[in-house]
Amino acid sequence: MELHADFNLNFLAEFFNLSDIEDVSGNIKLDMHFHDIIDLEHPEKALSQLNQAYESELTVRDLHVVSSDLPAPIDNLDLHLAMRGKMGVLDQFELKMGETDLSMDGYVSDLPAVIHHTNIPVEAKLGIRSNKLDIAQLTGFSEGDSTGVDEQIEDFKVLFAFKSSAQAFTESKYLPKGEFFIEELHAQLKHYPHELHDFHVDLLIDDRDLSIVDFTGFIDQSDFHFNGNIHDYGFWMKDTLEGDVKLDISLNSDMLKLEDIFSYQGENYVPEDYRHEEFDKLALHLNSDMHFKSSELHSIDLDLDKFEAKMHVHPMRFEEFSGRFHYEDDHLMIQKMHGKLGRTVFDLDMNYYLGEDESIKLRDNHFGLKANYIDFDQLFAFNTSAPGTTTTASSSTEEASKNTTEDVESHSEAFNLYELPFTDMTFDVDVGHFIYHRIDLQNIHARLKTTHNHYIYVDTLRMNAAGGKFLMSGYFNGSDPKHIYLKPNLKVVKADLDRLMFKFENFGQDELVSENLHGKLSAHITGNIRVYPDMVPDLDQSEIHMDVELLNGRLDNYEPVLMVSDYMGDKDLSSVRFDTLKNHMDITNGIITIPNMTIESTLGHYELSGTQSMTEEIDYYIRIPWSVIKQGARYKLFGSKKTKDGEVGDDEIIEKDPNRKTRYLNLRITGTMDDYKIKLSKKKDKKKRQKD
């Protein structure tokens, strides 16, 4: 066949009176010399050794078309396509269409082999370049009916390469068998504000499986290396998805920045605390089995056998992560999940129902955690320094009293678990060591449950801490996330106060319960305690009842003791030791009430009662034996007692003699720790004090 044609498109449009197009111009020239033998019924059986000729050439110059059927006018098209022997070559394709420009070139190594359906190897390449691809214009994007795609791509280039057989191109059921490459991909998107560059992927396709070999590239500074295998890939090309499909996925990255990946149209889809997180040396491998019914995902199994990475903002390394995840009919199961995160090593299992119809719920929601070691301080970057205060220590009593019910921002603005949806769920927790705010909680055994109305019930909690034992039951009431209350039944057995750095909030200041007091504490605590989202109690909005016993105690530099230094002679008031202190105390809205108690100490035996507020307002009644007063007067006159070596001797604990009458000096101390008054006064009591 010989064919030579030269068309002037403007003339043809006018000649044929084509109404669908207008403003047509340009020239198309075709020269063809074609000689072949083809069996149209069985083209693959053609005698390929006969003389053949495929010299053809198509040239398009300055093509311009305006049509209502086009998304934008074709402003200009230049094209040159030629058959050189058996090779089809596209050496020019230049398109300007609306805001879009596009350039392409490439070749097919043996086009007749494709026509003849032979098994001859065929190679093809196609390069694409564009300064701007206006996808929104080309797809007819409309915000009103959400048609089209609202995106623009700048500085786009990519190279496609194919290695297959001619027969595979024409006779494969889904995709031709062979090897396919995507190379040198580069793009800058408008609404995805990141640069895609240096993309490369190698696809291997056989009769059933599609393998992704080292899909590499960069998104800004983030790199990735992706490998995968899609078993029975033809499953995804059927009109209806029905049955099972398997995936095998691996992902590696030297540096992966979340802000480089998960932001689009100005919105970042990563939780705020992790938006600037980076992963170093990321390694992930998992297998997936999915089951579809009527094109809907019915169930999925994920087997994770490797996940490792190092983070920057949260400086911990994920190591040894593995586990199985199963999802079916709104039921999620996590089985044998194991991981190491920094110093934390854990195993967990979970059942969770995501649906709303409780009648089809197969099992109760449950979470089980076992761990030898959990470092909470490391996981949540606990700062050992005190947070900023809203009230200074020198604030006046009047100013502080006005704020007794105001929240402290440094605690109230912390992450609030109770603002999340709750469900009916049980929790089993067994942890060997739990590091919380520098306290080592050991041998934790807890059975908890939550309810949809934001209650957390503590059925049982046992643990060792500070050299003692803790046993607790009760519940947290978070029905109002802004006002969380704990109603405990807590027992403490012989805890060392030097190691129990329990913190509470005091009018904007963080205080430690063991700053001055030392010894072995046993207590039974009940009440209604206001706690902030970070679990720091707010005593000025709480009611607490305590039965307390303190053994081998010591008070160091305790201000109420130092106040009566004039009455204590040469006693060492900076460190007061006592054998046993036992009493019942109440804290109500920041006011501590201390019933009368006898204290046998190195100061002698004396009696103490009264109240103290969290703003350091005090009203103490102290009864000091006259023998101590006399000793103080003797000290004023003659100086301190000394040993043979000239050193002041250690004070011994003085016990009360039940067989001896004791007279007391009754003192009342009022005011504040910085500004107080001492006067003689007896505490008024309905019952007449018995004569000693």
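The values are calculated or read from the model by the stated rules, or taken from the named source; none is laboratory data. Since the model is a prediction, treat every value here as computed from it, not as a measurement. Heads up, the Cβs are rebuilt from the backbone with ideal geometry, glycines too, and the neighbour counts pull from every protein chain shown.
For every residue, the table says whether it meets (1) outside any strand (DSSP E or B); (2) under 20 Å from GLN378 (Cβ atoms); (3) modelled with pLDDT under 95; (4) not polar (S, T, N, Q).
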{"site": "ASP273", "(1), (2), (3), (4)": "yes, yes, yes, yes"}
{"site": "LYS281", "(1), (2), (3), (4)": "no, yes, yes, yes"}
{"site": "SER299", "(1), (2), (3), (4)": "no, no, yes, no"}
{"site": "ASP305", "(1), (2), (3), (4)": "no, no, yes, yes"}
{"site": "ALA309", "(1), (2), (3), (4)": "no, yes, yes, yes"}
{"site": "VAL313", "(1), (2), (3), (4)": "yes, yes, yes, yes"}
{"site": "GLU320", "(1), (2), (3), (4)": "no, yes, yes, yes"}
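What number goes with the only condition from (1) farther than 30 Å from HIS276 by Cα; (2) surrounded by fewer than 16 Cβ atoms within 10 Å (Cβ to Cβ); (3) within 35 Å of the chain's Cα centre (by Cα); (4) of a type in the set (A, V, I, L, M, F, W, C) that LEU210 does not pass?
Tallying (1) farther than 30 Å from HIS276 by Cα; (2) surrounded by fewer than 16 Cβ atoms within 10 Å (Cβ to Cβ); (3) within 35 Å of the chain's Cα centre (by Cα); (4) of a type in the set (A, V, I, L, M, F, W, C), LEU210 fails exactly one: (2).
Can you confirm whether ASP280 is surrounded by fewer than 16 Cβ atoms within 10 Å (Cβ to Cβ), acidic (Asp, Glu) and more than 29 Å from LEU159 (Cβ to Cβ)?
For ASP280, the condition - surrounded by fewer than 16 Cβ atoms within 10 Å (Cβ to Cβ), acidic (Asp, Glu) and more than 29 Å from LEU159 (Cβ to Cβ) - is met.
Within the bounds of the range 666-676, is there any residue that is of a type in the set (Lys, Arg), surrounded by 11 or more Cβ atoms within 10 Å (Cβ to Cβ), within 30 Å of THR593 (Cβ to Cβ) and modelled with pLDDT of 70 or more?
Scanning the range 666-676, I find at least one residue that is of a type in the set (Lys, Arg), surrounded by 11 or more Cβ atoms within 10 Å (Cβ to Cβ), within 30 Å of THR593 (Cβ to Cβ) and modelled with pLDDT of 70 or more, so the answer is yes.
Could you check the range 337-375 and list, in sequence order, the residues that are over 15 Å from THR423 (Cα atoms) and of a type in the set (Lys, Arg)?
Of everything in the range 337-375, those that are over 15 Å from THR423 (Cα atoms) and of a type in the set (Lys, Arg) turn out to be LYS340, ARG343, LYS370.
Mind listing just one residue for me: the one in the range 442-500 that is at positive phi and part of a loop (DSSP other than H, G, I, E, B) and, of those, surrounded by the fewest Cβ atoms within 10 Å (Cβ to Cβ)?
Checked the range 442-500; the qualifying residue surrounded by the fewest Cβ atoms within 10 Å (Cβ to Cβ) is GLY467.
Conditions first: (1) at pLDDT 85 or above; (2) farther than 26 Å from ASN552 by Cβ; (3) more than 54 Å from the chain's Cα centre (by Cα). LYS630 passes all but one, so which condition is the exception?
Unmet for LYS630, out of (1) at pLDDT 85 or above; (2) farther than 26 Å from ASN552 by Cβ; (3) more than 54 Å from the chain's Cα centre (by Cα): (1).
Considering only the range 201-214, state which residues are of a type in the set (Asp, Glu) and either in a loop (DSSP other than H, G, I, E, B) or more than 20 Å from ASN287 (Cβ to Cβ) (or both).
ASP202, ASP206, ASP207, ASP209
Which ones in the range 73-106 are among the hydroxyl-bearing types (Ser, Thr, Tyr) and crowded, with 17+ Cβ neighbours inside 10 Å?
Hit for the range 73-106 is THR100, nothing else.
All but one of (1) more than 24 Å from GLU57 (Cα to Cα); (2) among the β-branched types (Val, Ile, Thr); (3) in contact (Cβ under 8 Å) with a residue 24 or more places away in the chain hold for VAL114, so report the exception by its number.
(1)
Exactly one condition in (1) within 25 Å of LYS630 (Cα to Cα); (2) at pLDDT 85 or above is false for MET585; which is it?
For MET585, the failing item is (1).
Name every residue in the range 579-602 that is free of Cβ contacts under 8 Å to residues at least 40 places away in the same chain, closer than 19 Å to THR672 by Cα and of a type in the set (Ser, Thr, Tyr), in order of residue number.
THR593
Does the range 176-201 hold any residues that are within 12 Å of GLU154 (Cα to Cα) and out of contact with any Leu (no Cβ under 9 Å at 6 or more places or on another chain), and which are they?
Within the range 176-201, LYS190, HIS191, TYR192, PRO193, HIS194 qualify.
Quick check on my filter: what residues within the range 504-520 are outside any loop (DSSP other than H, G, I, E, B) and either modelled with pLDDT of 90 or more or surrounded by fewer than 18 Cβ atoms within 10 Å (Cβ to Cβ) (or both)?
Correct list: ASP510, GLU511, LEU512, LEU517, LYS520.
Quickly run through the range 166-198 and pick out the residues that are of a type in the set (S, T, N, Q) and farther than 23 Å from HIS117 by Cα.
The answer is GLN188, and nothing else.
All but one of (1) of a type outside the set (Lys, Arg); (2) touching a Lys or Arg at 6+ places or on another chain (Cβ under 8 Å); (3) surrounded by fewer than 17 Cβ atoms within 10 Å (Cβ to Cβ) hold for GLU328; state the number of the condition that does not hold.
(2)
Take the conditions without any contact (Cβ under 8 Å) to a residue 40 or more places away in the chain and closer than 28 Å to TYR192 by Cβ and apply them to HIS285. Does it pass?
Considered against the rule, which asks whether it is without any contact (Cβ under 8 Å) to a residue 40 or more places away in the chain and closer than 28 Å to TYR192 by Cβ, HIS285 comes out as yes.
Restricting to the range 523-562, and then to whatever is more than 18 Å from GLN612 (Cβ to Cβ) and among the hydroxyl-bearing types (Ser, Thr, Tyr), can you tell me which residue is surrounded by the fewest Cβ atoms within 10 Å (Cβ to Cβ)?
Among residues in the range 523-562 that are more than 18 Å from GLN612 (Cβ to Cβ) and among the hydroxyl-bearing types (Ser, Thr, Tyr), the one surrounded by the fewest Cβ atoms within 10 Å (Cβ to Cβ) is THR526.
Quick one: which residue in ASP78, ASP101, ASP110 is under 30 Å from LYS177 (Cβ atoms) and among the acidic types (Asp, Glu)?
Answer to the check: ASP110.
Of all residues in the range 215-243, which are part of a strand (DSSP E or B) and loosely packed, with under 14 Cβ neighbours inside 10 Å?
If the condition is that a residue be part of a strand (DSSP E or B) and loosely packed, with under 14 Cβ neighbours inside 10 Å, then GLY243 is the only one that fits.
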